[in-house]
Every structure is written in structure tokens, then in C-alpha cells.
Amino acid sequence: MNAPFDAAAALARKAASHPAPDHEVAVIGLGYIGLPTASVLASHGWNVCGVDVSESVVATVNAGGVHIEECDLDALVHDAIAAGTLIAATAVPTASFYMIAVPTPLGAYNMPDISCVETAARAIAPTLLPGACVIVESTSPVGTTERVAAIIAEMRPDLVVPRDGFGGDADIALAYCPERVLPGRIVNELVHNDRVIGGVTPACASRAAVLYASFVKGDCLTTSARVAETVKLVENSFRDVNIAFANELSMIADEIGVDVWDVIRLANRHPRVNILQPGPGVGGHCIAVDPWFLVASAPQAARLVRTAREVNDHKALHTEAKIRALIDAVPDGKVALLGLAFKPDIDDFRESPALEITEALAHTDGHRLLVVEPFAETLPEALAATGAQLVTLDAALAAAEIVVVLVDHTAFRHLSPSDLAGKLVFDTRGMLRR
Ligand code: SAJ
């Protein structure tokens, strides 16, 4: 009896039977995920080329520097460049493994924009040798890996490109493996988190798993590309829905006149209840964005996910209205706004509800605003000409009649009721209760 055909082994044989490519791994996109991943791979024995459209990013990385703030990243990049295992370039080289880690922003009407992934696929296609493996890491709507396969198939009719349900002898592998790391802990979580690796075929998943198994200490779990795409969107939607519950509770509590922090603290003493924390809204480039990709994938069915997004977006407007009521209660009083970042102890202001609220208030009352943000050296562009001032915490507390906690940065957590005596205080994060 013949042994069953092993497509993954056949792919590996194809890769070995061709001349060695320029690089073992090409990482397309040197941003928050691509650069840490490229340098972690380079520190695990791979010969890596990081590719970016920005010449200044490429120059910075080739000089051993970083253009983003992330714990442990600078040393990792510096060492990999010095060792010669990592280089950066603007053109895609021939490689054994290609990893696409480019942005997938929200376009008009909250629809995902995957044009950067499509552009990356078009740049990779001409360089592919038989045996190569292309992996998409960018958070993507369901079906994106199949779209990448279609682009490659169209541009490279000489290659047998795998497709869903195809069990035969493909020339390349295509897979989806979502990043799931927390900003501030990226380098650590890249290595220690479990990974979900979805292949267009099972052989594609096995081939991609070879790359991840070389540096991941968590489990590498293989599945189909569509499941892996859905898993990523579900993870961030789960968090968004749960934060929306906490935010909705805070608005219900306002209406019925109870303290939401007391309600959550006491409800969480139930052994199977774990309510998250309300805040001024939800920010960042993941939780506030990715659920829309799930909605776009199944608009009629994704009712709860859509509503959670709307509740969390509405919470920022609700918070702004409550601050305006305080501003109106103290005519001409100065207002200290503590924090602009999207979450504590981070210098990232993307989709930040604190920034959105501050901008809205600055439109009408800029001259009354004293902004305190330890992670900013100057005010963001949108606040620059509004009359709002960036000041130290001490200066803000000395001058302000109203104090609003928008972000619970560690630098604010020592504040006690006596520091705020005589002022109107609005703590959107429950920081002063902890
Ligand atoms: N927030 C609350 N209440 C809470 C928890 C968070 O209001 O109880 C707010 C935060 O202040 C912030 C927003 O939610 O504005 C998002 O913060 P986060 O810490 O939940 O998430 P991110 O955006 O820093 O990272 C998330 C993570 N996903 C999950 O926790 C499911 C991370 O693992 C993902 O890799 C990342 O998104 C991503 O890139 O998708």
C-alpha cells in the first residue's frame, strides 16, 4: 500500500530543492508587531529582512535604533543588527517565510481597509519560490487570507496556490496567525503566549507552525485560516463587550443614583461574576476597532458586538457631558484634566477617549483647561491652538477648581482626598477609590 501523500513534507522538500533565498524570513511592516517579531526571530537564529515603505524607519532600524517605544525592544533590535541577523529594506527580498504585519485600519462606515495587506501580497508574489510560506498576521476581516491567495494565484500562474479544501501538491503555503500581544509587554508575550495558526490547508498550517515553534514557548495550535481570522476578532470583541457591560452599568448607576464602583466590587464577590472596570470609553488601535471587522463579516448576526461598540463610543460623549455640567457649575474655574493616553502608563494616544473628550472640551473652553500627561512633552496637534495648557500635576492642582481623572497613570495614583479637598472631583476610572 502507498504511504498517504504528505503535503507539508512535500512543501519542505520543494523549499530545500531550490537555491537558498536571500533571507530565511521577510517581515513586511516594521510597526508595533512587525519590528518586535522580526527582532525576536533574528534573536532565535533566523536570518531576517524587515521591510517597510518608510525610508526613515528602514534607516533607523539599520542603524540599530527603534522608532516605537516598547519595553526591551531597543536592545533586541540593536543586538540583532549588530549580529547581522536582522537588516531592514524598502523592497521585498526572496525568502522562505514571509510574514505580513501591515496596518488594517477602519475605513469609511466602519468597514475594514485591507489595502495594505493586498499591496504587501502584490509585492511578495513576484519573489516567491516553490516551498515558500506566506503568513498574514495583520488583524483582518474573515476571508483575507483567501484574498491574498487569489492575488498570488493571479500574479503567479506558474505556481500551484493552495485553496480551501485543496488536498493536493501545492507549490507554496498560505496561513493566518494573529498577533495577540499587549502593548507594553509585546516582546515577552510574543514568546510566551499561545499562538493560533490557521492554514488555507492543513499542510499550510503545519509549514507555518515550523516558524512559530522556533521562538514561541506557549502552545502553537493549528486550525484553518478562516477560524484563525475569526478567533482574533472574537478575542477583542469579547473584551469590548465586557467593557461595554461595565460602561453601561456606570450609566445605569448614574441614573438610579448608586455608586457603580461599590456595585461592581460587591457583585464581583460572587464566585462566578467578574465585571470589568468602567472608564471614559474604550481606546487603542485594537479593542475599539477590531469588533467592527466582525460586524463587517456578518452584519445581520453581529448585533451584540455592534451594540457594545456603540455603548463604548457613547460612553465618551456621556463623560464629556458630565464634565461640561461641572464646568458650567463653576464659571471661570480652571479644570485639571489628568491623562490623555488610551490607557494607563503608555505613551499611545490612538483612539484615546481621554484625548477625544479633551479635544471636544477645548473647542469651547480651551482657556480653562490644564492638561496633565506625563507621557507627552507637548500637547497633541489638535489641542495646540485652543488655549489649553500642558502643566505638571502640582501646577494643575494648585490652580484648578475642578479635577477630572481621565487616565489612571501610576503618576496620579498617590493622590488622596486631602490633595483634592475643596475641589469638584470627577474620577472616570475609579482610581481614587482603590
Ligand atoms: N478598558 C476599560 N476597562 C477595563 C479594561 C480596559 O475601560 O476594565 C479600556 C482601556 O482603558 C483602553 C481599552 O479598554 O482604553 C483597551 O485596553 P486593553 O488593555 O483592553 O487592550 P489593548 O488595546 O491594549 O490590547 C488588546 C489586548 N486584547 C485583549 O485583551 C483581548 C491584546 O491582547 C491584543 O493583542 C491587542 O488588543 C491587539 O493588538 O489586538
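Listed values, structure above:
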| item | result |
| --- | --- |
| Helix axis angle, 7-16 relative to the chain longest principal axis, alpha carbon, degrees | 80 |
| Extension gain from V53 to Y109, taking 0.36 nm per residue of separation minus the Cα-Cα distance | 17.5 nm |
| Shape of region 312-434, Cα gyration tensor, a/c cut at 1.5 | rounded |
| Separation of the D158 and D328 label points, Cα + 7 Å toward Cβ, nm | 7.1 |
| Between 0 and 90°, nearest 10: helix 353-365 axis offset from the chain longest Cα axis | 40 |
| Inter-label distance for Q277 and A398, nm, one decimal - labels placed 7 Å from Cα along Cα-to-Cβ | 2.9 |
| Where a label projected 7 Å from the Cα of H67 along Cα→Cβ would reach, residues of region 22-48 with amide N under 15 Å | 28-36 |
| Heavy-atom accessible area order for L190, L249, L317, largest first, 1.4 Å probe | L317, L249, L190 |
| Heavy-atom accessible area order for S352, S17, largest first, 1.4 Å probe | S17, S352 |
| Fraction of accessible area attributable to carbon and sulfur, the chain (%, probe 1.4 Å) | 56 |
| Accessible solvent surface per residue of region 7-218, calculated while the other protein chains remain in place, 1.4 angstrom probe, Å² | 38 |
| Cross-link pairs beyond the 29 Å C-alpha cut-off, checked among K217/K315; K315/K423; K14/K232 | K217/K315; K14/K232 |
| The chain: angle of helix 144-155 to the longest principal axis, Cα-based, in degrees nearest 10 | 40 |
| Under-5 Å amide H pairs with D427, H placed in peptide plane, nonlocal only | V405 |
| Spin-label model distance (nm) - F5 vs A384, 7 Å beyond Cα toward Cβ | 6.1 |
| In Å², nearest 10: area of I81 left accessible to a 1.4 Å probe | 30 |
| Gyration tensor verdict on region 285-382 (Cα atoms; rounded if a/c is under 1.5, prolate if a/b is larger than b/c, oblate otherwise) | oblate |
| Shape call, the chain: gyration tensor on alpha carbons, a/c limit 1.5 | prolate |
| Rounded accessible area of V210 (nearest 10 Å², 1.4 Å probe) | 70 |
| Full-extension gain in nm, I256 to R147, via 0.36 nm per residue minus C-alpha separation | 34.3 nm |
| Heavy-atom accessible area ranking, 1.4 Å probe, most first, across S418, S115 | S418, S115 |
| Residue-averaged 222 nm ellipticity for the chain, from DSSP H runs of 4+ at -39500 (n - 2.57), nearest 500 | -12500 deg cm²/dmol |
| R0 of 30 Å, Cβ-Cβ distance A301-R350: FRET efficiency to nearest 0.05 | 0.60 |
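The values are calculated or read from the model by the stated rules, or taken from the named source; none is laboratory data. Everything numeric in this text was worked out from a predicted model, so none of it was measured. Ideal geometry is used to build each Cβ from the backbone, glycine not excepted, and the neighbour counts take in all protein chains shown. Protein only, heavy atoms only, side chains kept; ligands, DNA and RNA dropped before computing areas. Shrake-Rupley method; radii C 1.70, N 1.55, O 1.52, S 1.80 Å.
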